[in-house]
Amino acid sequence: MITGLLIPTAILIALAVFVTRGLERLMPETVPGIAATALVSAVALVGLSACLFAVLYLLETPAAARLIGQTGGVLHFLLLGVQAGLVWGPILLLVSVTAPRRWRTNVW
């Protein structure tokens, strides 16, 4: 149970926080900057989630390497990354909307 559910969920949550906070530093401190941060973070998190699931599949069954290399396999993992948005999506939203608290130059 712990390795099958808790650890991947914790990794997805940590990725959502670190990716969003990291991109937040690169974007302008404006409302469109917040939207851009959320959008770029979401795209990055879909890719990172897909990679995480591919690694988890490989750890479970090394023969899954053949699946990952195929076009259908890549689409499968991207779909899993999108579905993982149920886990990292609320965290992404929470980190994005609290960004003005961390602004240094602009005032909300």
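What to note about this one:
- The set of residues from segment 65-108 being in a helix (DSSP H, G or I) and modelled with pLDDT under 85 comprises A65, R66, L67, I68, G69, T71, G72, G73.
- Condition check for A54: surrounded by fewer than 17 Cβ atoms within 10 Å (Cβ to Cβ), of a type in the set (G, A, S), modelled with pLDDT under 95 and assigned to a helix (DSSP H, G or I): no
- Qualifying residue in segment 17-35 (condition: part of a helix (DSSP H, G or I), under 25 Å from I68 (Cβ atoms), among the β-branched types (V, I, T) and touching a residue at least 12 places away in the same chain (Cβ under 8 Å)): yes
- Here segment 36-45 is the region considered, the condition is being buried (at least 19 other Cβ atoms within 10 Å of the Cβ) and free of Cβ contacts under 8 Å to residues at least 60 places away in the same chain, and the residue that is farthest from N106 (Cα to Cα) is L45.
- V82 vs. criteria among the β-branched types (V, I, T) and within 30 Å of N106 (Cα to Cα): no
- All conditions in (1) of a type in the set (S, T, N, Q); (2) surrounded by fewer than 12 Cβ atoms within 10 Å (Cβ to Cβ); (3) within 12 Å of the chain's Cα centre (by Cα) hold for Q70, with the sole exception of (3).
The values are calculated or read from the model by the stated rules, or taken from the named source; none is laboratory data. Given the structure is predicted, the values throughout are model-derived calculations rather than measurements. Cβ sites come from the backbone with ideal geometry, for glycine too, and all protein chains shown count toward neighbours.
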